[in-house]
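Heads up, the thing below is written out as structure tokens.
Computed from the coordinates by the stated procedures, all read-outs in this text should not be read as laboratory data. Given the structure is predicted, the values throughout are model-derived calculations rather than measurements. Here the Cβ is made from the backbone with ideal geometry for all residues, glycine too, and neighbour counts use every protein chain on show.
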Amino acid sequence: MTGEFWLDLLLGLAAALVLAWLALIVALVLVRPRGPLLTEALRLLPDVLRLVRRLAADRTLPRGVRIRLAVLLVYLASPIDLIPDFIPVLGYADDAIIVTAVLRAVVRRAGLDAVRGHWPGTEDGFAALARLTRMRGS
């Protein structure tokens with residue numbers, strides 16, 4: 001194995017990481033809340049963080065749901081953002097977009113009633129959460 005092999009391997013890995021990062025950014029742009037929903041998501045963030053923590057601790061939920069929520073909590077606690085803050089709009093909104101996408105998956109898997117049972121905020125806040133996750137029955 002020559003030095004050229006390792007250089008090619010490192011360059012290939014770097015290119016793969018950059019492509020994966022770009023694919024994640026495109027995915028975030030596609031799943032982001034539209035218009036005033038993004039503002040609503042940012043406003044609800046404190047209640048949503050309490051909700052995520054409560055749901056992650058609920059042993060009655062499927063393990064996959066709790067794992068998603070635990071990974072989300074670790075990501076939110078991490079000082080490293082997927083999209084740097086200097087990128088307009090998405091830089092500051094990436095956390096809200098990721099939380100919204102994960103909650104959509106959680107609500108679809110665990111059901112709206114499980115989420116409603118752990119919601120720490122107001123009914124209006126829950127109605128906004130249901131709109132963000134595109135779930136009926138709010």
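Estimate the FRET efficiency between Asp124 and Leu82 by the formula 1/(1 + (r/R0)^6), using the beta-carbon distance for r and 30 Å for R0, to the nearest 0.05.
Values: r = 30 Å, r/R0 = 0.99.
It comes to 0.50.
Rounded if a/c is under 1.5, else prolate if a/b beats b/c, else oblate: with a ≥ b ≥ c from the C-alpha gyration tensor eigenvalues square-rooted, which is segment 69-130? Before the final figure, lay out each step's value.
On the way: a/c = 2.48, a/b = 1.82, b/c = 1.36.
Because a/c hits 1.5 or more and a/b exceeds b/c, segment 69-130 counts as prolate.
Place the peptides 101-113, 66-78, 4-16 in order of packing, highest mean first, counting for every residue the other Cβ atoms within 10 Å and averaging per peptide.
Working: 101-113: 17.5, 66-78: 14.9, 4-16: 9.9.
Ranked from most to least packed, the peptides come out as 101-113, 66-78, 4-16.
Please order Thr60, Thr133, Thr122 by the number of other Cβ within 10 Å, starting at the fewest. Mind dumping the intermediate values first?
Details: Thr60 8, Thr133 20, Thr122 11.
Sorted ascending by nearby Cβ count, the order is Thr60, Thr122, Thr133.
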- prompt: Using the Karplus equation 6.51 cos²θ - 1.76 cosθ + 1.60 (θ = phi - 60°), what ³J(HN,Hα) coupling, rounded to whole Hz, does each residue of segment 63-77 give in order, writing x for Gly and Pro?
  reply: 4, x, 5, 5, 5, 4, 5, 5, 4, 4, 4, 5, 4, 5, 7
